[in-house]
Each structure stands twice: as structure tokens, then as C-alpha cells.
Amino acid sequence: MIEISLLNSTVSIWCRNITGNANFLLRKQVRTRINLETDENVNKLQRKRSTLRSKVTRLTGKLNDADGIDKAFDVELLEDSLQDLKLMNETIHDLLNHEDYERDTVDCEKYFDTAKLAIFNTKRKVSANINVSSSEFSPPSSINTSVKLPTIKINTFFGGIEEFPSFWERFNSCIDSNASLSLVDKHVFLRGYLDGEAKRLVDGISVIGDTYETTKKLLEDKYGNKD
């Protein structure tokens, strides 16, 4: 009887091990299948996103190459494309792990930074009616049409140290001290007023609210307090 009991116990343990191994393999197969399906979905979405990115790049190039006149339709197309791209990015990000998400987010920012700056510059040119010289214009009402700015004129700053104090004083008075503007709006305005050496100095900085103070400090350190 003892031998039979031991045999039954051994068989029971063996069966449990087989069942456990089978369940483990099944779970592993399911996880592998899910991962493969996720990767396949991500690849399909990324191909669609690549088409959207190409469209955004093309429209951005059209705005940058234009004089700003009669470009309202292209601006609207680009804004719609950016919204579609934003939704596509969010869908893809939901399927990525943390490391891939961080890397992809950085890659996404450059498309939005470049496109938003092109939109801003086009609206600025339209607002100025292209009747003033390329180095002087009236600031637009705002990215947000509900915000109204003073009608002060601000010269485009190219990097001349002697022009910086006047430029900086006008910018601070018109834009930086305006409580109705968000940090992002202020940053976009500032970047839109830069050209030449000054523009190249800050080209590597993303046009977002968090980096507005960084851009200001770079300009002040480079061109300010040169007495």
C-alpha cells in the first residue's frame, strides 16, 4: 500500500509539472503572439505616419519658400496635417515601451517645431501686408487670435550687438511682459523675430514653453552687456 501511495504521489507531481510546463509554454506563446501583433501594428502605423510626415515637410517647405501672400489655404492644410500627425503619434505611443516612447517623442518634436515656426512666419508676413521692409514689421495679433498685442514695431534681429539693446527692450515691452501670452507663444514670437547669426545661435533649441528662458539667456549672454 505504501508503494502504491508513493507511486500515486509521484504520478500526481509529474502530472502537475507537465501541466505547469504546458501552461508556461502556452502563456509564452500568447505573449509572443501579442508582441508580434503589436510590432506589426506599430509598423503599419509608422508607415502611415511616414506619409503624414512627408506631407507636413512638403507643406512646411511651401510656406518657407513663399512670401506669405495668399497662403491661407496652405496654412490651413498644414494645421490640419499637424493635427492628424498628432493623433497618429499618440496612437503609436500607446503601443511603445518606455524607452521607445522617449526616443520617438524626441523625434516627433522636430516636425512640429519646424512646421509651427513656418506657420507663424507666414501669418506674420500676412499681418504685415508685405508692405514694410523685410527687416521691420508689425507684430501679429497672436498665435491665439484672442490675444491682442501693442502696435509697436519690432525690427528683426540679425545678430548685431549694437542693435540688441533696442530690439530686446521692444521685445520685452511688447511680448515678454504680456501676461496674456503663454510661454510657447512668447517663444514662437521670439524665434520669429530672429534671423541670420541670431537665428542660427538658437536653431538647435526646441520651440516649446520649457525652453523659452534658455533661448532668452543664450541671446542675452551672446549680445547683451557688451559695454
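The values are calculated or read from the model by the stated rules, or taken from the named source; none is laboratory data. Here the structure is a predicted model, which means the values were calculated and not measured. Positions of Cβ are backbone-derived with ideal geometry, glycine not excepted, and every protein chain shown enters the neighbour counts.
Please tell me if Leu77 is without any contact (Cβ under 8 Å) to a residue 40 or more places away in the chain and in contact with a helix residue (DSSP H, G or I) (Cβ under 7 Å, 6 or more places away or on another chain).
Here the answer is yes, as Leu77 does meet what is asked.
Just to check your reading of the model, which residue among Lys116, Lys123 is in contact with a Pro (Cβ under 9 Å, 6 or more places away or on another chain), surrounded by 13 or more Cβ atoms within 10 Å (Cβ to Cβ) and in a helix (DSSP H, G or I)?
Every option except Lys123 fails the conditions.
Within segment 173-188, count every residue that is part of a helix (DSSP H, G or I), under 25 Å from the mean Cα position of the chain (by Cα) and surrounded by fewer than 19 Cβ atoms within 10 Å (Cβ to Cβ).
Qualifying residue count for the region: 3.
Could you check Thr156 against (1) modelled with pLDDT of 85 or more; (2) among the β-branched types (Val, Ile, Thr); (3) within 20 Å of the chain's Cα centre (by Cα); (4) within 22 Å of Thr211 (Cβ to Cβ) and say which number it fails?
(3)
Take Asn89 and tell me if it is modelled with pLDDT of 85 or more and surrounded by 16 or more Cβ atoms within 10 Å (Cβ to Cβ).
Yes.
Please count how many residues of segment 189-203 are under 11 Å from Thr156 (Cβ atoms) and outside any strand (DSSP E or B).
Total meeting the criteria: 6.
Of all residues in segment 126-153 being among the β-branched types (Val, Ile, Thr) and part of a loop (DSSP other than H, G, I, E, B), which is modelled with the highest pLDDT?
Residue satisfying both the conditions and the ranking: Ile152.
Looking at segment 205-224 only, could you name the residues that are in a loop (DSSP other than H, G, I, E, B) and within 14 Å of Pro165 (Cα to Cα)?
Correct list: Gly224 only.
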